[in-house]
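Chemist: The structure is given below, and queries will be raised subsequently.
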Amino acid sequence: MGRVVLNGFLLLVVILSVASSWILSSDPTRPNFEFLPQMAHSPRYNTFASNPNFADGSTLQRPEPGTIPRGHVPLHYAATPQDALRAGEELKSPLELNNLRARQRGEFVFANFCTACHGAAGAGNGPVPQRGYPAPPSLLAEHALKMKDGQMFHVLTYGQNNMPSYSGQLSGEDRWNAIVYVRTMQAAATPAPAPVAPSTSPLKAAQADAAKVPGGQP
């Protein structure tokens, strides 16, 4: 019996709630009831406006020491040739060269940020050096072929000689994507090594060694 009474009471509450909601919302020109108006109309401060909520009175606050922006991986290197070489030994690309998505994204990045100086084929003959700016070294030259991925990432991050830093324009992932495309471009431009003549068969080598020994079988 008690459960029947409770269910009936709950049903009555639901009916009253639905009816009151319909009655209160029947006038579309009437604003909704604000239960906590201070939350609906909280004070707004512009970035460089004064703000009494902070001790220094400023809205824009410096990040706490040691904090790292979300998605940002810090690099503990300096913009020096020595650290560029160290990055080449320590940093490894997280992407495989056969990663099609990385290669396609890298091609897009290279076309938009690198072609102007390095040229479409990476030979250093882009439109910028053709108009008098010092030409960058060819990405197909021997030193570029031997440069390790980590060192190339350091160059993209900190710049080198006449090349500025691109860390502000390219995320870390896009810098690695560009390196994947450069490696693909280098592989396509590098001629395949000439086939090596087959070495002497093991049987002939053994026969030749035996002939050198006195009394050995030819």
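Any read-out appearing in this document is the output of simple, stated calculations on the displayed coordinates, not a laboratory observation. If you're wondering where the values come from, they're calculated on a predicted model, not measured in any experiment. Ideal geometry is used to build each Cβ from the backbone, glycine not excepted, and the neighbour counts take in all protein chains shown.
Chemist: Under a Cβ-Cβ cut-off of 12 Å, what is the net charge of the residues other than GLN186 that fall near it, where Lys and Arg count +1 and Asp and Glu count -1?
Modeler: Taking every Cβ under 12 Å from that of GLN186, the sum is 0.
Chemist: Mind checking which of GLY150, ALA189, ALA178 is farthest towards the positive end of segment 81-189's charge dipole, using Cβ charges of +1 (Lys, Arg) and -1 (Asp, Glu) about the Cα centre?
Modeler: Positive-end residue among those listed: ALA189.
Chemist: Determine the relative contact order of segment 81-189: mean sequence separation of Cα pairs under 8 Å and six or more apart, normalised by residue count, in whole percent.
Modeler: Value for segment 81-189: 38 percent.
Chemist: Which value, in Å³ per residue, describes the convex hull spanned by the Cα atoms of segment 81-189?
Modeler: Cα-based convex hull of segment 81-189, divided per residue, equals 94 Å³.
Chemist: When 1/r is averaged over all different Cα pairs and the result inverted, which Kirkwood radius in Å belongs to segment 14-99?
Modeler: 20.4
Chemist: Report the Cα centroid-to-centroid distance between segment 1-74 and segment 132-157 in angstrom, as an integer.
Modeler: Taking the Cα centre of segment 132-157 as reference, the centre of segment 1-74 is 54 Å away.
Chemist: How about segment 80-110: which trypsin sites (Lys or Arg not before Pro) there lie in a loop by DSSP and see at most 14 other Cβ atoms within 10 Å?
Modeler: Of the trypsin sites (Lys or Arg not before Pro), the ones in loops of segment 80-110 whose Cβ has at most 14 other Cβ atoms within 10 Å are LYS92.
Chemist: Could you list the residues of segment 1-15 with an amide nitrogen less than 16 Å from a label point located 7 Å from the Cα of ILE23 in the Cα-to-C-beta direction?
Modeler: It comes to 12-15, nothing else.
Chemist: While we're looking at this one, here's another question. Please arrange MET1, MET185 by counting, for each residue, the other beta carbons lying within 10 Å of its beta carbon, fewest first. Don't skip to the end; give the middle numbers.
Modeler: Values: MET1 5, MET185 20.
In order of increasing Cβ crowding within 10 Å: MET1, MET185.
Chemist: Follow-up question, since we're still on this one. Around HIS154, what is the net charge, scoring Lys/Arg as +1 and Asp/Glu as -1 over all other residues with Cβ under 13 Å from its Cβ?
Modeler: Residues close to HIS154 contribute a combined charge of 0.
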